[in-house]
Structure formats: C-alpha cells, structure tokens
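**Q** Before I ask anything, let me first share the structure, which is written out below as structure tokens.
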Amino acid sequence: MLKQVAEGVLVHESEFIQSNSVVVQGRDGVLLIDPGITSDEMAALANDLRELGQPVVAGFSTHSDWDHVLWHANFGDAHRYGTARCAASLQDLLSNADWKDRVAEGLPPEYAEEIPMELLGLITGLSTEAAQIPWDGPEVRIIEHQAHAPGHAALLIEERGVLVAGDMLSDILMPFLDLEAANPIEDYLAALRLFDGVADHVHAVIPGHGSVGGAEQLRARIKLDRAYVEDLRDGGVPDDPRVGPSAPLDWLPDVHRWQLHRLAEREQNETPA
C-alpha cells in the first residue's frame, strides 16, 4: 500500500479522490498525516506499519475537513495534532449533539458506510507560536495559512525536501476557496506566495488529493492555481483543464460555477447601495 517518495517519507493513495495518507519515519516510529479514508484502508495501513516495525507515535491533520481528521483504533493512541484554528473548528463541530449527522451530510454516498466516525476530529491544537510538529523525527515545519480552511497547514519536511500540501497544489482539483472567510481570494494568493518562498527547497510535493509531483510540477501547480484564483477575482474565464470539458472529475465544473456564483453574491452584498 505504501509508496516511498523520498527517504523516510511514504504515501498511501486511497480510491477516494486519490486521497493521500502520508507517513514520515522517525527514530522510534512514524508521524501519520491525514490518514484515510475507509476502515479497511486504514486497518491495512496500520498492518503495513506493524510489519515494518513502525508504530504510530504522532498524528497530524492539515485541516478540519472530515477526510483529513479520521483515525483508526489500530493506529493506537498517539497524540494527534493540528493548528489551534483547526482544533477550534473541530471542537466547535464536536460540541453539537448532532455532529455525526452534520458530517454524514457531506460524506460520499458510495463510501459513507465504510468511513469510521468514532475517532474523528480528536486532535490537540498546537500553540499559535508553534513552528514545528513536536515529535522525535525529522523536523516538520508548519506553514499555516488561511486558504481553503481556517488554520490550514502545509508541512515542510526540510531535510527530505518534501512539501505536504493538504488540500492545496493538486493536479486533479482546482483551488477550493474558503468562501466563509473575510478575504478568500487574498487568503489563497497569500498562501501561494508562501509556497513560492519554499519552492527552491522542495523536491516532492504531496497534495491531499492527486498525484505526487516533483520540483517542476510544484512550480507549475503554483502558477496554475494562481491563474485560476486571479481569474475568479478578475472575472476571467479560467484556462484550466481541471474545470474544462476534460475535467478529471465530472462534478468539478459544477463546483467551479458554484464558487463563481458565491463570489458574485459576496461582491453584490458588499457593494454600497
């Protein structure tokens, strides 16, 4: 199930929208990032790690979307981390008696019965000053930003030259903006500038969904995502294969149109009468 993408960094790709679970090997075990998504997939991943003699010693969720905050009992009870904003979003969700029903509304029907909810979202928020994940392994730098979701974090494994991008920099998904934020366009462009700032040190980028890319693909994805977001801002028509007639997923053009509609509504509501 596991594919090595750099020394000590392995990826498992789910059948669900090419979701990537990332394993970073440390001294006494592994850091497990965004594991998912079905019970069988996670149990098999836990078994693979057991066969490698690599227990899970820490977990991290890049953001609060349901498919990035899953867990399986076979991973054990290691500390699971996220940014403070990510943890606050999850605590707000889990404080509702009907939180499982709320999450279930967004689950893909074909996988809904296979997705474990029992340990969903049980993460510890790191301090807002935290620059790295606290664990006994390679330094993993937290690059927090507000694109896509509150407290979204990309992770830079500097000595391995790997950028774990969360729900950013995908070759199959165009940018999904956080349309509840005050400035979704500027938030996204600011995040892309952060990625520009570390691109010289990255040899492999791992998106939350999609294919692992090399250094040239990282720069190409930043450029394509920036063009898409700027077109949304400026009212242009994106020349983006992820939302055109040959979109890799047939529902992506609908999401694109929905984003356009929401942004137009926001602009109309913000325009003085």
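The values are calculated or read from the model by the stated rules, or taken from the named source; none is laboratory data. Small disclaimer: the values here were computed from a predicted structure and weren't measured. All Cβ positions, glycine included, derive from the backbone under ideal geometry; neighbour counts span all protein chains shown. With ligands, DNA and RNA removed, areas are computed over all heavy atoms of the protein, side chains included. Shrake-Rupley method; radii C 1.70, N 1.55, O 1.52, S 1.80 Å.
**Q** Nearest 0.05, what FRET efficiency do residue 43 and residue 264 give at R0 = 45 Å with Cβ-Cβ as r?
**A** Efficiency for this residue pair is about 0.50.
**Q** While we're on this one: With a ≥ b ≥ c taken as the square roots of the eigenvalues of the C-alpha gyration tensor of segment 1-86, please select rounded if a/c is under 1.5 and otherwise prolate if a/b is larger than b/c or oblate if it is not?
**A** Taking the square roots of the gyration eigenvalues as a ≥ b ≥ c, segment 1-86 is rounded.
**Q** Using the Kirkwood radius built from alpha carbon pairs, what does the Stokes-Einstein equation give as D for segment 43-116 at 37 °C and 0.692 mPa s, in µm² per second?
**A** D, rounded to a whole number, is 236 µm²/s.
**Q** Turning to a different aspect of this structure: With a 10 Å radius around each residue's Cβ, average the other Cβ atoms per peptide and rank 198-206, 64-72, highest first.
**A** 64-72, 198-206
**Q** With a 1.4 Å probe and all protein chains left in place, how much of the accessible area of the chain comes from carbon and sulfur atoms, in whole percent?
**A** Here carbon and sulfur together make up 47 percent of the probe-accessible area.
**Q** Something else about it: Using the Cα atoms as the points, what is the convex hull volume per residue of segment 125-265 in Å³?
**A** Per residue, the Cα convex hull of segment 125-265 comes to 112 Å³.
**Q** Defining a contact as two alpha carbons under 8 Å apart and six or more residues distant in sequence, what relative contact order in percent does the chain show?
**A** 15 percent
**Q** Let me ask something additional. Taking each full run of DSSP H in the chain as one helix, which ones are at least 20 Å long along their axis (Cα atoms) and have mean Kyte-Doolittle hydropathy of at least 0.5?
**A** 184-198
**Q** Given 10 °C and 1.306 mPa s, compute D for segment 89-153 with the Stokes-Einstein relation, Rh being the Kirkwood radius over Cα pairs; round to the nearest whole µm²/s.
**A** Diffusion coefficient, whole number: 110 µm²/s.
**Q** Okay, moving on. With r defined as the distance between the Cβ atoms of residue 172 and residue 113 and R0 fixed at 22 Å, what FRET efficiency is calculated, to the nearest 0.05?
**A** 0.35
**Q** Would you work out if segment 1-157 is rounded, prolate or oblate? Take a ≥ b ≥ c from the square roots of the eigenvalues of the alpha-carbon gyration tensor; rounded if a/c is under 1.5, else prolate when a/b is larger than b/c, oblate otherwise.
**A** Oblate, because a/c is 1.5 or more while a/b does not exceed b/c.
**Q** State in Å² the accessible area per residue of the chain; use a 1.4 Å probe, count heavy atoms of protein chains only, and round to the nearest integer.
**A** Per-residue accessible area for the chain comes out at 47 Å².
**Q** What residue among 137, 213, 244 shows peak mean-square fluctuation when the chain is described by a Gaussian network model with Cα springs under 10 Å?
**A** Ranking 137, 213, 244 by mean-square fluctuation puts 244 first.
**Q** Counting only DSSP beta bridges with both residues in the chain, tell me the antiparallel percent, nearest 5.
**A** If we restrict to bridges inside the chain, about 70 percent are antiparallel.
**Q** Follow-up question, since we're still on this one. Can you give the relative contact order of segment 121-273 as a percent, counting alpha carbon pairs under 8 Å and 6+ residues apart?
**A** 18 percent
**Q** Could I ask something else about it? Taking the simple approach of a point 7 Å from Cα along Cα-to-Cβ for both residue 237 and residue 77, what is their distance in nm?
**A** Result for the modelled spin labels: 5.9 nm.
**Q** May I ask you to rank 111, 188 by accessible area, largest first, using a 1.4 Å probe over the protein chains only?
**A** Sorted descending by solvent-accessible area, the residues read 111, 188.
**Q** I would also like to ask the following. Pulled fully out, how much extra length does the chain show between residue 88 and residue 28, if you take 0.36 nm times their separation in residues and subtract their Cα-Cα distance?
**A** That pair, residue 88 and residue 28, stretches by 18.6 nm at full extension.
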